[in-house]
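> Dropping the structure in here first, questions after.
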Amino acid sequence: MRAAGSRLRAGSARAFGLQALSAHRALGPTAARAKSACAAPAATTLHILLYNYVDDVQERRVPFRARHLAAAHAAEARGDLLLGGALADPLDGAVLVFSGGDEAESFAQADPYVLEGIVESWTVREWTTVAGSLLAQVPARPFPTYEWQRISQGAEVPAGLEVVLPLDGKHGRARIPPTWQLAVWMDDTRGFWRDWVTRETTVRELRRSAAVHAGVAPELIELRLNETPMDDDSMTVERLELFGREGTLRVLVKD
């Protein structure tokens, strides 16, 4: 169950006034080294998907195992699934470790083992990891993303994010809003071009919207991100990581 809390848009570059002043600036190099030696290890938040199997799982899973493994491999390829497998002696469940809670829930909801009744019940638990040789191999999740992410103390929170502050005192969460407004200055004549976009908005759709604003045909619009032409019309706002980079987006109207 998601914790109740207040939701707002981040309007500050730093979360909730949490201090992020570096130890070297606040304490000096010597004190900073001592503080670092005593500090708690950095925590990495993962999510565990726990399955409880039916009693006769050994036989009942056979028709669905190939589809289940295909889904697992697809989740691995996306970077969602980090580790997973069945429990043994007895074979009564499974443990799968995911990079995020939403990814774990989405996997379970579509897993053939769940849909076909091989899994009697499942739950997703947040797992705060602080030690172990495998931690260095856990890929860091980019921040921000369109999925909810826990806000670490002192983390930079870009303006425009959707933020939830739980009432139970737990860590806040943030994500890129499902729909947000892109605003790009075109020129003195046309002013700002604005458009509401989602993670799935394509370059083709952006070009058409800019063309409508400029009053020209889409073929006369060239979009550039960091001065690199955006030639692939199928690229999406999410894949381009356009949120937070709109200041580097230029719209050129060809003669």
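Throughout, read-outs are computed from the coordinates displayed, never taken from laboratory work. Remember, predicted model here, so these are calculated numbers, not experimental data. Neighbour counts are summed over all protein chains in view; Cβ atoms, including those assigned to glycine, are modelled from backbone coordinates with ideal geometry.
> Ranked highest first by average number of other Cβ atoms within 10 Å, how do 46-53, 242-249 line up?
46-53, 242-249
> Considering amide H positions built from the backbone, and no H for Pro or chain starts, which residues 5 or more places from L91, or on another chain, come under 5 Å of its amide H?
Those qualifying (amide H under 5 Å, at least 5 residues apart or on another chain) number zero.
> Direction-averaged shadow area of the convex hull around the Cα atoms of region 104-226, nm²?
Mean projected area of the Cα convex hull: 13.3 nm².
> With θ taken as phi - 60° and the coefficients 6.51, -1.76 and 1.60, list the Karplus ³J(HN,Hα) couplings across region 229-237 in order, rounded to whole Hz; mark glycine and proline as x.
Values, residue by residue: x, 8, 8, 8, 5, 8, 5, 9, 4 Hz.
> For region 179-253, with equal point scatterers placed on the C-alpha atoms only and solvent neglected, what are the log10 I(q)/I(0) values from the Debye formula at q = 0.28 1/Å, to two decimals?
Rounded to two decimals, the profile gives -1.70.
> What size of dipole, in debye to the nearest 20, comes out for region 45-128 about its Cα centre when the only charges are +1 on Lys and Arg C-beta atoms and -1 on Asp and Glu C-beta atoms?
Approximately 220 debye in magnitude.
> OK, next. Let me know the Kirkwood hydrodynamic radius for region 45-128, please, with Cα pairs as the basis and the value in Å to one decimal.
So the Kirkwood estimate lands at 12.7 Å.
> Per residue, how big is the convex hull of region 84-169 when only Cα atoms are used? Give it in Å³.
Each residue corresponds to 165 Å³ of Cα convex hull volume.
> Could you calculate the FRET efficiency of A183 with A110 from 1/(1 + (r/R0)^6), where r is the beta carbon distance between them and R0 is 35 Å, rounded to 0.05?
Calculated value: 0.45.
> Ok, one more. Can you list the residues, at least 5 places off or on another chain, whose amide H is less than 5 Å from the amide H of W185, using H built in the peptide plane?
When sequence neighbours closer than 5 places are left aside, the close amide H contacts are W193.
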